[in-house]
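Data block below; observations after.
The values are calculated or read from the model by the stated rules, or taken from the named source; none is laboratory data. Keep in mind that this is a model prediction, so the values were computed, not measured. Cβ coordinates were reconstructed from backbone atoms using ideal geometry, including for glycine residues, and neighbour counts include every protein chain displayed.
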Amino acid sequence: MFLNVSYLDWLGYTASFIIVVSLLMSSIIKLRWVNLSGAVIFCAYGFLIGSAPVSVSNGMICAIDVYYLYKIYTEKEYFRVLEIKKDDLYLKHFLAFYKNDIRHFFPDFNFNCCEDENTVSFYILRNMVTAGVFIGKKLEDGSLMVAMDFAVPEYRDFKIGSYIYGENEKYFAHLGYTNFCAESRAAKHQNYLLKMGFSLKAETGEKRIYVKPIKNIDIFKA
């Protein structure tokens with residue numbers, strides 16, 4: 001059966017497969033990019049087989065994806081950190097709900113670490129929605145060891161990380177921290193740390209240690 005399928009048919013099958021895969025994406029930004037690529041191929045497929053409805057409808061999908069991607073990359077969003085108090089019930093439910101996902105990125109994360117008095121933790125609010133959780137531990141040398149900076153799947157577009165380690169850097173400088181430190185043995189997390197400006201400091205077996213200096217920003221400047 002498949003031996004008689006033309007290259008145009010395979011082009012159509014490929015586009016269909018990509019569209020289906022895009023609908024499985026939990027990240028909105030990944031969904032838009034993958035869906036856009038599928039729609040572009042479908043648009044070309046419709047043109048090659050002389051089907052105006054296929055070309056026009058997928059051309060409209062391309063335009064919609066481009067529009068929302070433009071909004072994602074250019075729209076100014078509201079971010080804020082909200083300190084997590086000890087014995088926060090919502091945090092317990094949050095960690096339990098995302099436990100498997102957290103283990104994927106932070107296999108060594110201690111789910112009881114918030115009971116330590118040296119723990120620093122807060123929610124990251126994005127347009128007043130809980131989009132992630134940051135948990136770190138104070139070190140004696142003035143560094144902050146990042147135990148977890150987890151973003152829920154819908155918001156994994158690096159904006160939360162850019163806010164924590166960029167725009168909100170003054171928050172940590174004000175608290176007296178001099179460096180961020182992070183240990184990781186998960187490849188995706190290691191790539192993320194490099195994107196956020198961390199540098200590899202040391203390797204111990206499978207685990208890598210990354211460091212990012214915290215700039216001494218004048219918090220009283222506008």
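Among the candidates Tyr7, Tyr45, Tyr73, which residue alone is aromatic (Phe, Trp, Tyr) and buried (at least 18 other Cβ atoms within 10 Å of the Cβ)?
Tyr45
Kindly check whether there is at least one residue in the range 119-141 that is more than 14 Å from the chain's Cα centre (by Cα), exposed (fewer than 13 other Cβ atoms within 10 Å of the Cβ) and within 30 Å of Gly205 (Cβ to Cβ).
Scanning the range 119-141 turns up at least one residue that is more than 14 Å from the chain's Cα centre (by Cα), exposed (fewer than 13 other Cβ atoms within 10 Å of the Cβ) and within 30 Å of Gly205 (Cβ to Cβ).
For Glu77, which of the numbered conditions (1) outside any loop (DSSP other than H, G, I, E, B); (2) in contact (Cβ under 8 Å) with a residue 60 or more places away in the chain fails to hold?
(1)
Go through the range 5-27 and give me each residue that's out of contact with any Phe, Trp or Tyr (no Cβ under 8 Å at 6 or more places or on another chain), modelled with pLDDT under 90, among the hydrophobic types (A, V, I, L, M, F, W, C) and in a helix (DSSP H, G or I).
Trp10
Pull out all pairs, ordered by first then second residue, where Cβ-Cβ is under 7 Å, the residues are six or more apart or on different chains, the first lies in the range 38-62 and is assigned to a helix (DSSP H, G or I), and the second is among the charged types (D, E, K, R) and surrounded by 14 or more Cβ atoms within 10 Å (Cβ to Cβ).
Pairs found: Ala39/Asp65.
Mind listing just one residue for me: the one in the range 96-113 that is touching a residue at least 24 places away in the same chain (Cβ under 8 Å) and in a helix (DSSP H, G or I) and, of those, nearest to Glu183 (Cα to Cα)?
Here the answer is Phe105.
Yes or no: Ala186 buried (at least 17 other Cβ atoms within 10 Å of the Cβ) and touching a residue at least 40 places away in the same chain (Cβ under 8 Å)?
yes
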